[in-house]
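Single-structure report; data block below.
The values are calculated or read from the model by the stated rules, or taken from the named source; none is laboratory data. Keep in mind it's a predicted model, so treat the numbers as computed, not measured. Every residue, glycine as well, gets a Cβ built from its backbone with ideal geometry; the counts of neighbours run over all protein chains shown. Remember, those area values only see protein heavy atoms, side chains included, never the ligands or the DNA or RNA. Shrake-Rupley method; radii C 1.70, N 1.55, O 1.52, S 1.80 Å.
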Amino acid sequence: LVARVRHDQDLEALDPEQNAAFSDHYLNFPFDLSRVMSLLTANITDTIPMALLDRMELIQLSGYTEEEKLQIARTHLIPRQVRENGLKPKQITFSDGALRQIIGEYTSEAGVRNLEREIGNLCRKVARRIAEGKRKPAHVSRQTLPKYLGAAKFIPEMDQEESQIG
């Protein structure tokens, strides 16, 4: 349809009064879009042109819970990163505590993109260690996590002993 809204004329595809005879500017061919529903996704709305935002019905979805992220990591992210980094599943294991710590202290997001990046980072470090001749399987736990990822990037607010100013 309209991949990027650059001008107000691109918005005619979304206007019910005009979209029955919408003419594509690239193909120069008319389309009937009167029965088409457009779905758009965005992480933020600040960059959406106001003319387009006025025509949209916003549905805000909350992010994954910690438990959902843990399950996504176990069933999808870890197997994919293990495979992509040339490891065998027996060569690296993760404790639930380590995964929860990565979720809470190394990523700060509603989704799982950074979680996958951190898991990939861990897998690459283990793969390098194996390539250097250290054959012992790696078990990533809460205690060994800082060795692989360094100091925590985020401090969970609820774990702070007292309120912080600012």
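Just name the residue that is nearest to Leu99 (Cα to Cα) out of those in segment 49-60 that are without any contact (Cβ under 8 Å) to a residue 24 or more places away in the chain and part of a loop (DSSP other than H, G, I, E, B). Give the steps one after another, and end with the answer.
Keep residues of segment 49-60 that are without any contact (Cβ under 8 Å) to a residue 24 or more places away in the chain, which gives 50, 53-54, 56-60.
From the residues that got through so far, the ones that are part of a loop (DSSP other than H, G, I, E, B) too are 56-60.
Values: Met56: 37, Glu57: 36, Leu58: 32, Ile59: 30, Gln60: 27 Å.
It comes out as Gln60.
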### Query
When segment 29-65 is examined, which residues are found to be open to solvent by 80 Å² or more (accessible area, probe 1.4 Å) and within 30 Å of Phe94 (Cα to Cα)?
Asn43, Leu61, Ser62, Tyr64
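Arg113 - would you say it is without any contact (Cβ under 8 Å) to a residue 12 or more places away in the chain and touching a strand residue (DSSP E or B) at 6+ places or on another chain (Cβ under 9 Å)? Show your work before the answer.
Numbers: without any contact (Cβ under 8 Å) to a residue 12 or more places away in the chain: yes; touching a strand residue (DSSP E or B) at 6+ places or on another chain (Cβ under 9 Å): no.
When the stated conditions are applied, Arg113 does not pass them.
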### Task
Please tell me if Leu87 is within 14 Å of Gly120 (Cβ to Cβ), of a type in the set (A, V, I, L, M, F, W, C) and out of contact with any Ser or Thr (no Cβ under 7 Å at 6 or more places or on another chain).
yes
#### Entry: Single unsatisfied condition, Leu33 versus (1) under 21 Å from Leu149 (Cβ atoms); (2) in a loop (DSSP other than H, G, I, E, B)
(1)
